[in-house]
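Step one of this worksheet: look at the structure below.
The values are calculated or read from the model by the stated rules, or taken from the named source; none is laboratory data. Given the structure is predicted, the values throughout are model-derived calculations rather than measurements. All Cβ positions, glycine included, derive from the backbone under ideal geometry; neighbour counts span all protein chains shown. Please note that ligands, DNA and RNA were not included when accessible areas were found on the heavy atoms of the full protein model with its side chains. Shrake-Rupley method; radii C 1.70, N 1.55, O 1.52, S 1.80 Å.
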Amino acid sequence: MKITVTKDYDDMSKAAAEIIISQLKKKPDSVLGLATGTSPLGLYKLLIEAYKKGEISFAQAQTVNLDEYVGLKPSHSQSYAYFMHTNLFDHVDILPQNVHIPQGFAENLSAECASYSKLLGRLKPDIQLLGIGSNGHIGFNEPNSAFSGTTHLVNLTESTVKDNSRLFDDISQVPRQAITMGIAEIMSAKSILLLANGTKKAQAILKTVKGEISESCPASILQRHPNCNLVIDEAAAALL
Ligand code: GLP
């Protein structure tokens, strides 16, 4: 595990942007595994700037997103599809057919999981971007998810529903289920880039880096990934 500690969120975003920008320059047809949440927002802004300056193009890139809430259409302002479009895809030259996000509104959710898993067998991310939940979840792989898991339907824990309710008008509106890429699929990415900032993430980062590798902290499996970069701010690194 390579750990880069930055002064603050802005520097974390800059360090992460450098990694993705150099990946796209080196391999314009990269497969980028993408994440939602507040952690990668600054990074996405910098990628848009780099695209507008002509430094990078997404025209040949493919993207696979980690997860999506069940029951929300892509037009719903809290869906992860909406997040990705408003915060990145609508501002760069990615081709719509190269964007892949699990469909949380699919009628047959188990068929959707199977088909997403099949897609991930074909599109292995060159870089998989991750945030981390305060309980150590990655994607929506909550504590005690199997390390061998592939794309599946999950029931969200109360702590995740509570954490994520900050983005909804009311906690009752937070979906209780999601589709997530499984841990085995995350681990099959060629490299991992995990971002974390703020004291709320310090405990999860401590367990990720120094804790026992255990399904009780899903992110702890990253200790076994041969090419894992953690880019975290001082507050998130405070307990290391
Ligand atoms: C959600 C997402 C995760 C994300 C996490 C942290 O639960 N499913 O992929 O990493 O939130 O979000 P934030 O970056 O806003 O702290």
> Looking at segment 75-118, which of its residues are more than 16 Å from the ligand (Cβ to nearest atom) and within 21 Å of Leu24 (Cβ to Cβ)?
Replying inline: His85, Phe89, Asp90, His91, Val92, Asp93, Ile94, Leu95, Pro96, Gln97, Asn98, Val99
> Limited to segment 44-77, what total is found for residues that are open to solvent by 50 Å² or more (accessible area, probe 1.4 Å) and under 20 Å from Thr6 (Cα atoms)?
Replying inline: 1
> Restricting to segment 36-72, what's the tally of residues that are out of contact with any Asp or Glu (no Cβ under 7 Å at 6 or more places or on another chain) and under 12 Å from Pro125 (Cα atoms)?
Replying inline: 5
> Going through segment 19-29 one residue at a time, which ones are free of Cβ contacts under 8 Å to residues at least 60 places away in the same chain and farther than 20 Å from Ile3 by Cβ?
Replying inline: Ile21, Leu24, Lys25, Lys26, Pro28, Asp29
> strands (runs of 3 or more DSSP E) wholly in segment 136-240 with at least 1 residues that are open to solvent by 50 Å² or more (accessible area, probe 1.4 Å) and farther than 18 Å from Ala16 by Cα - which ones?
Replying inline: 152-155, 177-180
> From the list Leu130, Leu153, which residue is more than 14 Å from the chain's Cα centre (by Cα), hydrophobic (A, V, I, L, M, F, W, C) and closer than 16 Å to Leu66 by Cβ?
Replying inline: Leu153
> Within the set of pairs 6+ apart or on separate chains, which have a first residue in segment 194-210 that is on the phi > 0 side of the Ramachandran plot and within 12 Å of the ligand (Cβ to nearest atom), a second that is in a helix (DSSP H, G or I) and not charged (D, E, K, R), and C-beta atoms under 9 Å apart?
Replying inline: Gly198/Tyr9
>> Could you list, ordered by first residue, the pairs with Cβ atoms under 8 Å in which the first is in segment 137-148 and farther than 10 Å from Ala184 by Cβ and away from the ligand (no atom under 13 Å from the Cβ) and the second is open to solvent by 20 Å² or more (accessible area, probe 1.4 Å) and aliphatic (A, V, I, L, M), at least 6 apart or interchain?
In response: none
>> Restricting to segment 81-96, name every residue that is under 16 Å from the mean Cα position of the chain (by Cα), over 16 Å from Glu49 (Cα atoms) and open to solvent by 30 Å² or more (accessible area, probe 1.4 Å).
In response: Tyr82, Phe83
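If only one of Leu32, Leu41 is within 15 Å of the ligand (Cβ to nearest atom), surrounded by fewer than 21 Cβ atoms within 10 Å (Cβ to Cβ), touching a residue at least 12 places away in the same chain (Cβ under 8 Å) and not β-branched (Val, Ile, Thr), which one is it?
Leu41
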> Hey, does segment 119-134 have a residue that's open to solvent by 30 Å² or more (accessible area, probe 1.4 Å) and assigned to a strand (DSSP E or B)?
Replying inline: no
> Are any of the residues in segment 104-125 without any contact (Cβ under 8 Å) to a residue 60 or more places away in the chain, farther than 23 Å from Ile19 by Cβ and of a type in the set (Asp, Glu)?
Replying inline: yes
>> For a quick check of your reading of the model, give me the residue pairs whose first member lies in segment 46-74 and is at positive phi, whose second is open to solvent by 10 Å² or more (accessible area, probe 1.4 Å), with beta-carbon atoms closer than 7 Å and at least 6 apart or on different chains.
In response: Gly71/Phe105; Gly71/Pro175
> Restricting the search to segment 1-21, which residues are closer than 15 Å to Gln60 by Cα and either open to solvent by 10 Å² or more (accessible area, probe 1.4 Å) or of a type in the set (Asp, Glu) (or both)?
Replying inline: Ile21
>> Could you tell me how many of the residues in segment 64-82 are touching a Ser or Thr at 6+ places or on another chain (Cβ under 8 Å) and not aromatic (Phe, Trp, Tyr)?
In response: 6
